[in-house]
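Participant: One structure follows; several queries about it will come next.
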Protein chains: 2
Amino acid sequence: MIRLHDNLSSGNGYKVRLILAQLGIPFERVEYDIDRGETRTPEFLERVNPNGRVPVLELEDGTMLPESDAILFYLAGGTPFLPDGRLERAQVLRWKFFEQYSHEPNIATPRFWITHRVEMTEERRLSLGTKRKLGYAALGVMEGHLASNDFFVENRYSIADIALYAYTHVAGEGGFDLEGFPAVRAWLDRVAAQPGHVPLTRA
Amino acid sequence: MIRLHDNLSSGNGYKVRLILAQLGIPFERVEYDIDRGETRTPEFLERVNPNGRVPVLELEDGTMLPESDAILFYLAGGTPFLPDGRLERAQVLRWKFFEQYSHEPNIATPRFWITHRVEMTEERRLSLGTKRKLGYAALGVMEGHLASNDFFVENRYSIADIALYAYTHVAGEGGFDLEGFPAVRAWLDRVAAQPGHVPLTRA
């Protein structure tokens, strides 16, 4: 059975839990207490992921695959969650890289600081203003796209939607207000209505 | 002819220029002065990329594909620069997401601040220490992998190497010292020795 090295509060972990649920793939889950540094131990770095992060998918042969969006791409291959065409796949990746570079660091990180009660250093306090601005800009990019599209690529639900849903639907926990983003809110409802959908905290 | 919306100082743009050169694909290049905000004009946001960034690949039918790593994946499809297997492709993506999340923001951003003479605000000054620490950690992850691998995936040159080469080979411009990373330095030489290699500033 495949094994997911995970943390239940993580939106990145949730991306993987969600697609595994929707594909009906059974898996074993190993929970790490990230507040206690359990993904930074010498053993974890040596055996699971030298980058000290979860999620990591461990295949039956022991192969370790880190990075939530690489895992999504792997699991979705050959399923309706990932289109086959070369350009369509590149567009899926375009939104996944947008998520990891322009969205996640600005929207997920404040949520992490707040929900994990991380010390609000002067550095974090100053960067929070920038993250607010860039996070709202990322939401604006999504709003513009979703104003005329039901989903991110080819107007059908794919791993691009899963990737962007993970931290957008809990953006409020990081202090973001989605009131001004009606197309994003309607899309969140469409994603949550997909067959087999599970909530973030479903282990 | 395809068209690359680009900035010549950008390592992300360089990734695309490099693979286009190595694949022998002719292209037209449109240069934007990012210091003067030319990628944030209403026209650019409307017509090229709502996220206000280059590179963007414009296909012959007018389709716009943003995100350097999505462009690499698109261009490399069906070539020796991207393996065919589902797991091998996921491993390529694993390193590309590592690059965009754990490497680029910490190694490329200080280079940008220095080489583009961006104002060193208190926020940037404080975050520079964190970026140094995380950037060296990313280089450490690369060093560990390259200590027993010639390239990042399947021991052959791929777009994973192109993605990580772009900002690693100019890490010194951002104040990083590669002295303590001999495997990384040897890999940089192997990448630079690939057929058709071009330097960052080759238009």
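Participant: Using the structure shown, list the pairs from A:Lys15/B:Lys131; A:Lys15/B:Lys96; A:Lys133/B:Lys131; A:Lys131/B:Lys96 with a Cα-Cα distance above 25 Å, or answer none.
Facilitator: Checking Cα-Cα distances, A:Lys15/B:Lys131 exceed 25 Å.
Participant: Evaluate the charge dipole of region A:2-76 about its Cα centre and quote only its size in Debye, nearest 20, assuming +1 on the Cβ of each Lys and Arg and -1 on the Cβ of each Asp and Glu.
Facilitator: 200
Participant: For chain A, what is the percent of antiparallel DSSP beta bridges, rounded to the nearest 5?
Facilitator: 60
Participant: Something else now. In debye, nearest 20, what is the charge dipole magnitude of region B:33-82 about its Cα centre with +1 on Lys and Arg Cβ and -1 on Asp and Glu Cβ, if you could check?
Facilitator: 140
Participant: So what's the net charge close to B:Asn149: Lys and Arg +1, Asp and Glu -1, counting the other residues with Cβ under 14 Å from its Cβ?
Facilitator: -2
Participant: If Lys and Arg each add +1 and Asp and Glu each add -1, what is the summed charge of the other residues whose beta carbon sits under 14 Å from the beta carbon of A:Gly135?
Facilitator: In short, -1.
Participant: Within 10 Å of each Cβ of B:60-72, how many other protein chain Cβ atoms are there on average?
Facilitator: 4
Participant: Taking the Cα centre of region A:86-192 as origin and charging only Cβ (+1 Lys, Arg; -1 Asp, Glu), how large is the dipole, in debye to the nearest 20?
Facilitator: 220
Participant: Continuing with this model, one more query. Using per-residue counts of other Cβ atoms within 10 Å, averaged over each peptide, order B:186-193, B:141-148 from highest down.
Facilitator: Top of the packing list down: B:141-148, B:186-193.
Participant: Let me ask another. Please give the peptides A:197-203, B:12-18 ranked by average Cβ packing (other Cβ atoms within 10 Å per residue), highest first, as a rough proxy for protection.
Facilitator: Values: A:197-203: 12.1, B:12-18: 25.1.
Ranked by mean Cβ neighbours within 10 Å, highest first: B:12-18, A:197-203.
Participant: For A:Glu60, what is the net charge nearby, where nearby means another residue's Cβ is under 13 Å from its Cβ and Lys, Arg count +1, Asp, Glu -1?
Facilitator: Taking every Cβ under 13 Å from that of A:Glu60, the sum is -2.
Participant: Can you give the mean number of other chain Cβ atoms that lie within 10 Å of the Cβ atoms in peptide A:1-7?
Facilitator: 0
Participant: Also, I was wondering about something else. Among DSSP beta bridges whose residues both lie in region A:2-76, state the antiparallel percentage, nearest 5.
Facilitator: Given both bridge residues lie in region A:2-76, the antiparallel proportion sits at roughly 55 percent.
Participant: If you don't mind, another one. For A:His116, which inter-copy label distances result when the label point lies 7 Å beyond Cα on the Cα-to-Cβ vector, reported in nm to one decimal and in ascending order?
Facilitator: When each copy's label point is compared with this one, the spacings are 2.9 nm.
All of the numbers you see were taken from the coordinates with simple rules; none came from a lab. If you're wondering where the values come from, they're calculated on a predicted model, not measured in any experiment. Reconstructed Cβ throughout: ideal geometry from the backbone, glycine too, with neighbour counts over all protein chains shown.
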